[in-house]
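Please read the structure below before turning to the comments.
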Amino acid sequence: MNRKALEDMFLAPGVSPWKTFLLEVHADGEPEEFLRDAFGNAAIRETEDRFLHSVVTPELEFTVDHLDSRFWSFHSNGSAAQMNAYLKAAVARRRDLDFVWLPSAHLRQIRRGTPPNWIKTEFRGQMALPLDEVQELAVTVRGRPAQDLLDVISGNSDFPYAISVSQLELAIADPDLGVVREAVNRFALFVAKGDSFALHQNVVQSVATRYRRLVEAAEHVALGIDAMDHADRDEGGGRLVGGPIELTFSRPLLELDRFVDNLLSSREPFRLWGIVGHPSGDYREVEAVDLHVGQRLRLEVSSEMVRIHLRRGGCGNTVARLVSNLQHHVDGGLTASDPEIQSQLAMQPIAA
C-alpha cells in the first residue's frame, strides 16, 4: 500500500464512493503502537509509506493517513455505517481520540466560491428548550441557490437560533487537479467521488487546517500561570495568563435550569458532568468534567451566555465539540466574544 495505490482505489470504476473520516488524535508514541492499542481486535499492517497504515477488521478495511500528526484521515470505500460504528466505538473508549466537530460556518465554507448542490440543516433542541421555543427543525434545500436561500430564511426569521447546518454536498473543480464531488457532514465525514484523489485530499486538509485554527485559538487563551521575569529567580511568583471563552446566545434562554440540567446530564450530546455552586438569580457557576477526555472545566452559565474556563494543557477540541453541539441543540446563532475565536468560529475564508 502506498499513496498511488490509494489513488487507484479512489479512481477504480464501479466501486462505492470513497469515505474519509477526519479524527483528532493525541498519540504520544509511534502511530502503529497507537493504532494497535486503539483497535486491538484489528490487524494493523505497515505499508510502503511510513505515514500510512492499514487497519483490517472482519467487516471492513481502512487506511489511516497520519501525515498530519494531530488530525488523521481514515480512508475506506467500504460501508460508511460500519466505519462510523467502528470509529465511534474506538472514540468512546479513548481519551486521546475524538471526532472533529465542524461548526456550521466551517461546513458552509468548505470551498470558497463553490456553492453547494444541496444543504441540510438539523436542529434538535428537545432536551434543552421548552415548548415556547422551536425544539426541532430540519430543512433540506437542493440546487445551487441553496445557500442563498438559507441565508434569506435565517436572516428574515424570528428563529435564527434554529438554523444549524449539518451536511452539504459540493461539486469542486480545480483547473490543475480535476473534479470531485464531496458530501461532508458536521462530524467531518467526507463521501467523495471524482477523477482526482489529490483534490479530495486537498479538500480534507483545508478543512483540517481551518479547524486547527479554531482549536488552537481556544488553547491559546487557556488559563495558566507564567513565572515572573525577575532578575533574582529566588523571588519566585507568577502571573495569571489567558482568560475565559465566552459564547453568547442569539437570544436569552427561557428556562436556564432546564438547559443546565441537560448540559450536565452526563449523556450525549454534551457528555459533561458537573456540580452547580450556589445559584444566584440568572447565574450559575459549575465545576464540570468532560467525560470524554476526563478534563476538568469551570463553566459560568446564564440565560445569555456560557463562559468556559479552559485550563492550560486542556484540549481545544473540547471547546469545538461544545460549540458544535450547542449550535445543533440550543442556539445555531451563538457567537464568541473573543475576536480571534469568533473569526475562526465564523470561518473567514482563507486562500486555497
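The values are calculated or read from the model by the stated rules, or taken from the named source; none is laboratory data. In this text, all values refer to a predicted model and were calculated from it rather than measured experimentally. Please note: Cβ atoms are built from the backbone with ideal geometry, for glycine as well, and neighbour counts cover all protein chains shown. Heads up: the accessible areas ignore ligands, DNA and RNA and are worked out on the full protein's heavy atoms, side chains in. Shrake-Rupley method; radii C 1.70, N 1.55, O 1.52, S 1.80 Å.
Brief remarks on what is shown
- Residue count, segment 141-173 (criterion: touching a strand residue (DSSP E or B) at 6+ places or on another chain (Cβ under 7 Å), open to solvent by less than 70 Å² (accessible area, probe 1.4 Å) and without any contact (Cβ under 8 Å) to a residue 24 or more places away in the chain): 1
- Selection count where residues are closer than 24 Å to ALA320 by Cα and in contact with a Ser or Thr (Cβ under 8 Å, 6 or more places away or on another chain), scope segment 26-65: 3
- When each of GLU300, GLU268, GLU285 is tested for being surrounded by fewer than 16 Cβ atoms within 10 Å (Cβ to Cβ) and of a type outside the set (Phe, Trp, Tyr), the lone residue that passes is GLU268.
- VAL306 vs. criteria buried (at least 16 other Cβ atoms within 10 Å of the Cβ), touching a strand residue (DSSP E or B) at 6+ places or on another chain (Cβ under 8 Å) and farther than 13 Å from LEU247 by Cβ: no
- Of the strands (runs of 3 or more DSSP E) entirely within segment 1-65, those holding at least 3 residues that are open to solvent by 30 Å² or more (accessible area, probe 1.4 Å) and more than 24 Å from ARG210 (Cβ to Cβ) occupy 43-46.
- Residues that are over 21 Å from ALA5 (Cα atoms) and at pLDDT 95 or above were ranked within segment 55-80; the one that is nearest to the chain's Cα centre (by Cα) is PHE71.
- Enumeration of residues in segment 94-127 that are more than 30 Å from LEU253 (Cβ to Cβ), open to solvent by 10 Å² or more (accessible area, probe 1.4 Å) and in contact (Cβ under 8 Å) with a residue 12 or more places away in the chain: ARG94, ARG95, ASP96, ARG111, ARG112, THR114, PRO115, ASN117, TRP118
- Within segment 211-263, tally of residues that are in a strand (DSSP E or B), surrounded by 12 or more Cβ atoms within 10 Å (Cβ to Cβ), at pLDDT below 95 and hydrophobic (A, V, I, L, M, F, W, C): 3
- Of all residues making up segment 114-153, the number that are closer than 21 Å to ALA188 by Cβ and part of a loop (DSSP other than H, G, I, E, B): 2
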